[in-house]
1. Evaluate the charge dipole of the range 4-72 about its Cα centre and quote only its size in Debye, nearest 20, assuming +1 on the Cβ of each Lys and Arg and -1 on the Cβ of each Asp and Glu.
2. What is the angle, in °, between the Cα long axis of helix 4-19 and the longest principal axis of the Cα atoms in the chain? Nearest 10 is fine, range 0 to 90.
3. Along the range 26-36, what does the Karplus equation 6.51 cos²θ - 1.76 cosθ + 1.60 (θ = phi - 60°) give for ³J(HN,Hα), rounded to whole Hz, x for Gly and Pro?
Amino acid sequence: MADRTTVSIEEKIREILQGLECILTAHDSCAELTEFKDNRAVIYCGGPCVKCDNRCIEGAIKEQLPDIEVIIQ
């Protein structure tokens with residue numbers, strides 16, 4: 001069972017992704033947290049945003065959770 005801190009961080013990442021949903025939808029894209037372990041978040045990104053150089057998803061997460069390593073797949 002995950003500890004409370006891990007669950008809280010996962011919930012926060014999901015909240016951040018939900019906040020980006022309108023931007024992602026406008027670009028025919030989506031993003032979902034697929035794995036979180038050892039301060040490393042793996043985000044599945046579908047659609048054109050996966051190849052975008054703006055790094056909006058990573059930036060939004062790092063802005064609120066700077067110690068999290070973000071991997072976009």
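Read the figures in this text as sums done on the coordinates, not as results from a lab. Note that this is a predicted model, so its numbers are computed, not measured. Neighbour counts run over all protein chains shown; Cβ positions are idealised from the backbone, glycine included.
1. 60
2. Tilt relative to the chain: about 10 degrees.
3. Running phi through 6.51 cos²θ - 1.76 cosθ + 1.60 with θ = phi - 60° gives 4, 9, 6, 10, 8, 8, 8, 6, 9, 7, 9 Hz.
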